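Read the figures in this text as sums done on the coordinates, not as results from a lab. All values reported here derive from a predicted model rather than from experimental measurement. Note: ideal-geometry Cβ built from the backbone for every residue, glycine included; neighbour counts use all protein chains shown.
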Amino acid sequence: MSSRHHDIADDLRHQITTGRIKPGERLLSEAGLADRYQVSTVTLRSALAVLQGEGLVEKIHGKGNFVRHPLRKIMYVGGWGTLDPWTAADAALRVTVRSTTVQADGHLTTLLNVPTGSPLAEFCCISHEGELPHGLARIYIPRDLAPAGGLDDESSFQEAATRFAVLGPPPAAVRETVCARPPTPDEASTLRTSSAAAVLAITRIATDSTGRVVEAALLVFPGDRADAVFTTHHVTDERQTQG
């Protein structure tokens with residue numbers, strides 16, 4: 001038997017998906033909804049949490065719960081390590097970039113295969129459509145490979161950062177590890193997503209022809225706001241074609 005908060009979530013979901021409650025419309029206050037469904041505010045908030053986790057409802061502090069507008073997804077193209085050209089060129093999508101220098105420790109020493117304390121250039125990139133964040137990228141490069149003046153003096157780095165692309169020269173190899181997981185508290189806050197909603201996390205490692213790691217990127221996209229596409233190319237053995 002379903003619990004009461006799931007029954008309430010089902011009813012509100014039906015009203016939203018059938019258009020009885022419109023995108024952008026504010027729901028009744030939590031006290032008002034609790035009174036309508038004759039439940040406690042604790043039960044009502046549990047129902048709203050279900051809808052927030054599904055991306056149907058957004059709670060704005062001090063204002064209330066609102067039906068979210070349908071989201072346009074962005075696309076990440078695996079193998080190329082970039083947002084697809086259509087997404088990257090869309091005037092509605094803007095990317096803010098912040099750069100700083102950090103010291104390698106913990107996970108970064110493993111990813112970049114450098115000693116603890118090694119200087120790294122860190123580029124934090126956040127994509128937005130309107131006020132809604134669509135993606136977060138933290139890109140790390142050994143400091144000796146980064147431009148001396150940072151992004152301000154290197155337009156090619158700035159352009160690449162706005163596409164979440166590999167920032168340095170074209171690498172010899174790119175390895176991407178993809179998983180779905182809950183967001184960290186910092187990611188949930190930055191991306192304005194529910195801590196219960198899955199994010200698409202991509203760890204991208206780029207190496208040069210000598211095998212040196214020239215970049216490590218940690219990319220995070222809310223699962224309801226992005227798709228990742230990976231294309232595999234079949235390599236034909238010449239010996240088979242000549243047989």
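Distance between the 7 Å Cα→Cβ label points at Val42 and Asp227: 4.3 nm. Where both partners of a DSSP beta bridge lie in the chain, what percent of those bridges are antiparallel, to the nearest 5? Taking every DSSP beta bridge with both residues in the chain, the antiparallel ones total about 95 percent.
Rounded to the nearest 0.05, what FRET efficiency do Asp10 and Ser189 give with R0 = 25 Å and r taken as the Cβ-Cβ distance? Could you check? Result of the calculation: an efficiency of 0.30. Once you have a ≥ b ≥ c as the square roots of the Cα gyration tensor eigenvalues for the chain, tell me rounded if a/c is under 1.5, and otherwise prolate or oblate according to whether a/b is larger than b/c. Note, shape of the chain comes out prolate.
The loop-placed GluC sites (Glu not before Pro) in the stretch 106-207, going by DSSP, that have at most 12 neighbouring Cβ atoms within 10 Å of their Cβ come out as Glu131.
Going through the stretch 21-87, which GluC sites (Glu not before Pro) have at most 14 other Cβ atoms within 10 Å and a DSSP loop state? In loop regions of the stretch 21-87 (DSSP not H, G, I, E or B), the sparsely surrounded GluC sites (Glu not before Pro) are Glu25.
Fully extending the segment from Asp35 to Ser3, taken as 0.36 nm per residue of separation minus the present Cα-Cα distance, adds 9.8 nm.
Could you work out how far helix 41-53 tilts from the main Cα principal axis of the chain, as a 0 to 90 degree angle to the nearest 10? Around 40 degrees separate the two axes. Using the Cβ-Cβ distance between Asp90 and His69 with R0 set to 22 Å, the FRET efficiency works out to roughly 0.85.
With r as the distance between the Cβ atoms of Thr17 and Ile60 and R0 = 25 Å, compute the FRET efficiency 1/(1 + (r/R0)^6) and round to 0.05. Don't jump to the answer; show the numbers that get you there.
Values: r = 21 Å, r/R0 = 0.84.
The formula returns an efficiency of 0.75 here.
Length gained on full extension, Ala198 to Thr101: 31.9 nm, using 0.36 nm per residue less the C-alpha separation.
Is the stretch 76-198 rounded, prolate or oblate when judged by the Cα gyration tensor, a ≥ b ≥ c being the square roots of its eigenvalues, rounded requiring a/c under 1.5 and prolate requiring a/b larger than b/c? Oblate is the answer for the stretch 76-198, as a/c is 1.5 or above yet b/c matches or exceeds a/b. Against the chain, whose longest principal axis comes from its Cα atoms, helix 4-17 is set at around 70 degrees.
Give the cross-link partners of Lys63 among the aspartates and glutamates, using a straight C-alpha distance below 14 Å as the criterion and excluding same-chain residues fewer than 8 apart. Output for Lys63: Glu25, Glu30. Extending 7 Å from Cα along the Cβ direction at Thr110 and again at Glu122 yields two label points whose distance is 1.8 nm.
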